[in-house]
Structures are given as C-alpha cells and as structure tokens.
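One structure is given here, and the rest of the page talks about it.
The values are calculated or read from the model by the stated rules, or taken from the named source; none is laboratory data. Predicted model only: the values in this text are computed from it and were never measured. Positions of Cβ are generated from backbone atoms using ideal geometry, with glycine treated the same way; all protein chains shown enter the neighbour counts.
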Amino acid sequence: MKCSKSKKELEKILDTILTLLDGAVMRNVIEEPVDAAVSSFSLSVAVSDPIGNKELLAVAGEFVAHVHEYVLPLDRGLDRNQARGRALRMLESSYQGMYVNGYEGALRDVAKYRTAGLRTVFATLAEGIKEDRRQQYVARVFKIHFAELDWYSRRDLTMLILKRWKRLLDPDTAQRPPEELIQACPQLVLSYVASGETLRQMLGTRRRQKRTGTGPEGFESRACREIEQPIQPPLL
C-alpha cells in the first residue's frame, strides 16, 4: 500500500538531518569528547628505554581503551587484545612518520623521538577514533531519518532536495528523476553540508583577515563561486 509523508513532514525530516550533520553539532558530539579523553589520559604502564614493539602496542592499546571508556562509559569496554588490535590497525593505515609510514613508522619515531613520537602516535589514534565515530554517527543519522522511511517517502524527500538545491546541482543531476537518485540522496546531503562548512571556514578566515587588515579584496564573492560548484551524485 502506498504511503508517504506530507511535504511539511518531509521538510522537517530534512531540516533535522541537516541540523544533526551541522559541523558545530558534530564537533560537540564527536570531537570534543575525544579531545577531553585525550587530555585526561596518563600512562599507567612503565615504558622501557628504548621502546620496542611490545611497549608501543601496550601504550597504544591503553590509550585506545581509555578513550573508548571515557567517550562511551556505558558501553562494554575493550579488552587488552581488542584495544591493541584497533590501535595497530589505525597506526598501520594512518600514521605519517618522519621517514616511514604505518606502524613501522610509528615504531621508529617513538624509538628515536620518545615523548614527541608518542604524542604523534596518540594524535594519530585520536583522529582515527574521531573518524570512526563520524562514520558511525552519519550512518546512524541516515538510517534513522532516511533508510527507515517507506520507499515513497524516500522518493519524495529526494524530490524535495532536488527542488530546494536545484541551483547547486549540476544540470544532469537536477534533471534526473528522483527515483534514480534515492540511493545517492545521502551523498547529495553530505556534499551540501560539506560545501556549507567549507564556505563558513573561508568566510571566517576573511573576517579574521579584515580584523587584522590582511587578505585580498573580493574574497567572499570568490569563495561563494568556488563553493557553488555543482553537486554531483556518486556513480551508481
């Protein structure tokens, strides 16, 4: 049986999604708790000199377990092997070392630079945790407010987006039937949110430049032109 939300209901859903994905909201929900956890962390294990593989895994795992427990106090904590495994995966995929990337780079930097190396390791792990939380948060927002809608409501919400953001979409996308873009709808929303966040950052920079008397003229107009590049859906 056909079922669809009213236009007013769909507008409220879209506004809710945009609010939840707002940069300030996400920083408050995702980044700030992790930053607070990092600030409260202190090593409780002895670190030998020099630091080897065993010691690095121990301190990295302890750090990950601490952040997890601080950010999700009601969740079941990570055991030692889980925390170390997660730390190892994040360092292997994301660590940018002085000479070598990945876990091997982290191991070398900590062995050579000691405290400074550990700070870089912890910063990499913190950013990895934030990115994981961002992806989980965004997926949950779209699951609750989009994926769980009936097909007709998802189609009509996609149609609303195509009408509301028509001038921001590339012509091919704007002319496609909403039925063809239902699957791409979350990515269109994320592209719109990202473009607005970038514009706010650029205009914020301009306001700071005005206060200090630096920066080129016409920045706002140029920033708007750069941001208002057509939004395109991902390849389906």
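Determine whether F122 is over 30 Å from N53 (Cα atoms) and surrounded by 14 or more Cβ atoms within 10 Å (Cβ to Cβ).
no
Scan segment 3-41 for residues that are closer than 15 Å to H145 by Cβ and acidic (D, E) and jot them down.
E9, E11, D15, D22
Could you pull out the residue among I51, I30 that is under 18 Å from the mean Cα position of the chain (by Cα) and surrounded by 15 or more Cβ atoms within 10 Å (Cβ to Cβ)?
Of I51, I30, the one residue that is under 18 Å from the mean Cα position of the chain (by Cα) and surrounded by 15 or more Cβ atoms within 10 Å (Cβ to Cβ) is I30.
Being of a type outside the set (A, V, I, L, M), without any contact (Cβ under 8 Å) to a residue 60 or more places away in the chain and not in a helix (DSSP H, G or I) is the filter here; which residues of segment 96-138 pass it?
Once the filter is applied, which keeps residues that are of a type outside the set (A, V, I, L, M), without any contact (Cβ under 8 Å) to a residue 60 or more places away in the chain and not in a helix (DSSP H, G or I), segment 96-138 yields Q96, G97, Y99, N101.
Filter segment 53-95 down to residues that are among the basic types (K, R) and either in a loop (DSSP other than H, G, I, E, B) or not assigned by TED's automatic domain parsing to the domain that holds I129 (or both), then give me how many there are. Walk me through how you get there before you give the answer.
First, pick out the residues of segment 53-95 that are among the basic types (K, R): 54, 76, 80, 84, 86, 89.
Going one step further and asking which of them are either in a loop (DSSP other than H, G, I, E, B) or not assigned by TED's automatic domain parsing to the domain that holds I129 (or both), we end up with 76.
Final tally of qualifying residues: 1.
Can you give me the number of residues within segment 86-95 that are more than 19 Å from the chain's Cα centre (by Cα) and touching a residue at least 24 places away in the same chain (Cβ under 8 Å)?
Total meeting the criteria: 1.
Report whether or not S191 is out of contact with any Leu (no Cβ under 8 Å at 6 or more places or on another chain), surrounded by 15 or more Cβ atoms within 10 Å (Cβ to Cβ), small (G, A, S) and assigned to a helix (DSSP H, G or I). Before you say what the answer is, go through the steps one by one.
Working: out of contact with any Leu (no Cβ under 8 Å at 6 or more places or on another chain): yes; surrounded by 15 or more Cβ atoms within 10 Å (Cβ to Cβ): yes; small (G, A, S): yes; assigned to a helix (DSSP H, G or I): yes.
Here the answer is yes, as S191 does meet what is asked.
Would you check if I30 is assigned by TED's automatic domain parsing to the domain that holds D156 and not charged (D, E, K, R)? Can you show your working first?
On the way: assigned by TED's automatic domain parsing to the domain that holds D156: no; not charged (D, E, K, R): yes.
Criteria not met by I30.
How many residues does segment 115-146 hold that are over 15 Å from the mean Cα position of the chain (by Cα) and among the basic types (K, R)?
Selection size over segment 115-146: 2.
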